[in-house]
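Reviewing the structure listed below.
The values are calculated or read from the model by the stated rules, or taken from the named source; none is laboratory data. Computed from a predicted model, the values in this text were never measured in an experiment. Don't worry about glycine lacking a Cβ; one is built from the backbone with ideal geometry, like all the others, and counts go over all protein chains shown.
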Amino acid sequence: MKMSHKISRRDFSKLLLTGAAGASLGLFGTPSKAFGASKRVVVIGGGFGGAAAAKYLRKLDPSISVTLVEPKAVFHTCPFSNWVLAGLRTMGDISQTYAVLRNKYQINVIADSAVAVDAARGTVKLKSGMVLNYDRLIVSPGIDFKWDAIPGHSEALANTKIPHAYQAGAQTVLLQNQLHAMRNGGKVIICPPSNPFRCPPGPYERASLIAHYLKAKKPLSKILILDPKDKFSKQGLFKQGWEKLYPGMIEWRSGVTGGKIVKLDGTTMTVTTEFGEEKGDVINLIPPQKAGKIAFDAGLTDASGWCPINPVSFESTIHPGIHVIGDASVAGAMPKSGFAASSQGKVAAAAIVRLLQGKVPASPSLVNTCYSLIGTDYAISVAGVYKLTADGIVEIQGAGGLTPMNADADQLKEEASFAVGWYNNIIHDTWG
Amino acid sequence: MAANLRLWLAACAFSAAALLPGSVASAANTSEVNPRGLVLSLSCSSCHGTDGKSVGLIPPINGRSTSYIESAMLAFKSGARYSTVMSRHAKGYTDAEIRLIAEYFGRFSRNK
Ligand SMILES: Cc1cc2nc3c(=O)[nH]c(=O)nc-3n(C[C@H](O)[C@H](O)[C@H](O)COP(=O)(O)OP(=O)(O)OC[C@H]3O[C@@H](n4cnc5c(N)ncnc54)[C@H](O)[C@@H]3O)c2cc1C
């Protein structure tokens, strides 16, 4: 820990008064300024993790001033972006803005990007040149892509011809336009990434909902999933759903059976696998992933390309005073999901409130559920409840798990309506 | 790393291990919110809405009494009450944790 632990004499005696708990506070990075003097938290990224953390900080302790840095005026949620591809939602339906966070929660929302972090001084520099001081910083930048992982691919190609649609917005629209322009009888190739990546069931929900669209509009078409992995999230449930709703339309090829792609040719719309070539009318290649760029620039990542954290408060184990949440963090057994990012944002907010009061945070409790829509009135889910043990964040045995196989139509329909209920509530809980 | 984890574990206030029924002042009787009860209860808001005030198709839980939430959670946990997803969540909490959660939400209720 390179950081100077400056604590005023008055605060130090306060610390002593709290006894054993105060002593263990030393395990959490002390902000560069004496605590109690000011309570300024800066949050980088207004997505599922960052926006929830900012809102809950203000809700739990209105004496904290919170600044949220997010370049986008309109945030399109990845959750439900596959529903847009199916024609079940519009881009407008998945658009969120920062008006409520600004006006109701009195969060200083700055439409800019963070370009540098000085952990020793406790400052964040923005693209505009503005410098923000913080007592604690939260970083929730989401993901970035490893563009050089697949020869022939590039960011420019992704922006014009081979969309990933794994950050919602223009990418979602590009993929949707390609599906609309495709002939009946065309082939859609989906290439999911290797682990770990955001939203493990995402590519397979996408295959389902593209199939929903094709079945109605272009029924002679096919979907080929070329996967580097040999198994995937909710596999049995997805396959059962595909057989029921889209028989013969979706083929999944695993890594060992030639699913791993080794080359892309955007001009001829061809991907090369270890077993041969496949031509697609639409190619949705989702590259392998790493933490968002600012996490690298701020020195918060380790050799894995993600950010190691102290699981009590999500404080970086590299730079004290900086908390990393959401997809960018290494959160033990938790998957990278919007639900998980939100849960981590709330745990980090509650911990920061305590730390800024000179108190020890409570033991964390974390949660996740990913709903996937396979067809109208047909949804499945995977749930997990997590706690901290000596092995880190682990899933509680006996809890969580999947929608049962062979569930009756009523239950699958109920799950589809609860998926909508979940979406509406998490959106309202985060931006509303 | 493991050594650090053990230290962090020991450091957190109201750690899961230290939590026995009656070992912490219950939130219902004091104005201060139990920090562990708060953290546990924040897990419900993504589905049930901020403070349990659902705006969607999942039932709201705000305004429910401590005993209502507690007995519903215990029924989901045992499987006595049918659910699509709640039993998978309720099984993740000890009875003492369920009590803390129920007390947290019970604070907003007129019937205790
Ligand atoms: C197709 C698809 C479907 C999905 N479906 C679900 C689902 O049903 N349920 C679920 O729980 N999850 C789902 N997810 C996963 C979910 O979208 C992510 O896990 C979640 O968005 C992660 O939250 P985050 O805060 O880490 O990142 P994000 O939500 O991506 O937010 C990051 C924000 O940081 C901003 N940012 C980045 N760098 C900077 C910088 N330097 N300065 C300022 N701001 C910056 C970005 O503009 C962005 O707004 C899905 C994902 C995909 C791709």
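Please report, ordered by residue number, the helices (runs of 4 or more DSSP H) entirely within the stretch B:51-112 with at least 3 residues that are of a type in the set (S, T, N, Q).
On the way: elements: B:66-78, B:86-90, B:95-106.
Answer list for the stretch B:51-112: B:66-78.
Every residue, every condition in (1) away from the ligand (no atom under 16 Å from the Cβ); (2) buried (at least 21 other Cβ atoms within 10 Å of the Cβ), yes or no:
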{"position": "A:182", "(1), (2)": "yes, no"}
{"position": "A:188", "(1), (2)": "no, yes"}
{"position": "A:192", "(1), (2)": "no, yes"}
{"position": "A:196", "(1), (2)": "no, no"}
{"position": "A:199", "(1), (2)": "no, yes"}
{"position": "A:205", "(1), (2)": "no, yes"}
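Looking only at the stretch A:335-356, decide whether some residue is among the β-branched types (Val, Ile, Thr) and assigned to a strand (DSSP E or B). Reasoning before the result, please.
Initially, the stretch A:335-356 is screened for residues among the β-branched types (Val, Ile, Thr), giving A:347, A:352-353.
Imposing the further condition that a residue be assigned to a strand (DSSP E or B) reduces the set to none.
No, there is no match, as no residue in the stretch A:335-356 is among the β-branched types (Val, Ile, Thr) and assigned to a strand (DSSP E or B).
Looking at the stretch A:187-294, what strands (runs of 3 or more DSSP E) fall wholly within it and have at least 2 residues that are outside the structural domain of residue A:403 (by TED's automatic domain parsing) and more than 30 Å from residue A:113 (Cα to Cα)?
A:187-191, A:222-226, A:250-253, A:261-265, A:270-273, A:276-279, A:282-285
Residue A:10: more than 16 Å from the ligand (Cβ to nearest atom) and either at pLDDT 80 or above or within 14 Å of chain B (Cβ to nearest Cβ) (or both), yes or no?
No; evaluated as a whole, the condition is false for this residue.
Going by the structure shown, is residue A:382 touching a Cys at 6+ places or on another chain (Cβ under 6 Å), assigned to a strand (DSSP E or B) and touching a residue at least 40 places away in the same chain (Cβ under 8 Å)?
On the way: touching a Cys at 6+ places or on another chain (Cβ under 6 Å): yes; assigned to a strand (DSSP E or B): yes; touching a residue at least 40 places away in the same chain (Cβ under 8 Å): yes.
Considered against the rule, which asks whether it is touching a Cys at 6+ places or on another chain (Cβ under 6 Å), assigned to a strand (DSSP E or B) and touching a residue at least 40 places away in the same chain (Cβ under 8 Å), residue A:382 comes out as yes.
Count, please, the residues in the stretch A:307-332 that happen to be more than 10 Å from every other protein chain (Cβ to nearest Cβ), of a type in the set (Ser, Thr, Tyr) and touching a Phe, Trp or Tyr at 6+ places or on another chain (Cβ under 8 Å).
Residues that pass the stated criteria total 1.
What are the pairs with Cβ atoms under 9 angstrom where one residue, in the stretch A:276-297, is within 14 Å of chain B (Cβ to nearest Cβ) and near the ligand (Cβ under 10 Å from one of its atoms) and the other, located anywhere, is not β-branched (Val, Ile, Thr) and not in a helix (DSSP H, G or I)? Sequence gap at least six, or different chains.
Listed by first residue and then by second, the contacts come to nothing, as the list is empty.
I want to confirm something. Restricting to the stretch A:396-432 and keeping residues that are more than 7 Å from chain B (Cβ to nearest Cβ), in contact with a helix residue (DSSP H, G or I) (Cβ under 9 Å, 6 or more places away or on another chain) and not in a helix (DSSP H, G or I), which single residue is farthest from residue A:371 (Cα to Cα)?
Looking at the filtered set, the residue picked out is A:432.
Please determine, by comparing only the residues of the stretch A:358-368 that are free of Cβ contacts under 8 Å to residues at least 40 places away in the same chain and polar (S, T, N, Q), which one is nearest to the other protein chains (Cβ to nearest Cβ).
Of everything passing the filter in the stretch A:358-368, A:365 is nearest to the other protein chains (Cβ to nearest Cβ).
Mind checking whether some residue in the stretch A:381-393 is among the charged types (D, E, K, R), surrounded by fewer than 20 Cβ atoms within 10 Å (Cβ to Cβ), within 25 Å of residue B:7 (Cβ to Cβ) and more than 7 Å from every other protein chain (Cβ to nearest Cβ)?
Scanning the stretch A:381-393 turns up at least one residue that is among the charged types (D, E, K, R), surrounded by fewer than 20 Cβ atoms within 10 Å (Cβ to Cβ), within 25 Å of residue B:7 (Cβ to Cβ) and more than 7 Å from every other protein chain (Cβ to nearest Cβ).
Of these, A:258, A:276, which one is modelled with pLDDT of 95 or more and more than 20 Å from residue A:186 (Cα to Cα)?
Numbers: A:276 fails: more than 20 Å from residue A:186 (Cα to Cα).
Exactly one residue qualifies, and that residue is A:258.
Report whether or not residue A:144 is more than 14 Å from every other protein chain (Cβ to nearest Cβ), more than 13 Å from the ligand (Cβ to nearest atom) and charged (D, E, K, R).
Working: more than 14 Å from every other protein chain (Cβ to nearest Cβ): yes; more than 13 Å from the ligand (Cβ to nearest atom): no; charged (D, E, K, R): yes.
It is false that residue A:144 is more than 14 Å from every other protein chain (Cβ to nearest Cβ), more than 13 Å from the ligand (Cβ to nearest atom) and charged (D, E, K, R).
Can you name every residue in the stretch A:128-148 that is exposed (fewer than 14 other Cβ atoms within 10 Å of the Cβ) and within 23 Å of the chain's Cα centre (by Cα)?
Residue satisfying the conditions is A:148 alone.
Quick check on my filter: what residues within the stretch A:45-76 are within 14 Å of another protein chain (Cβ to nearest Cβ), over 21 Å from residue A:112 (Cβ atoms) and not acidic (Asp, Glu)?
Passing the criteria: A:56, A:59, A:60.
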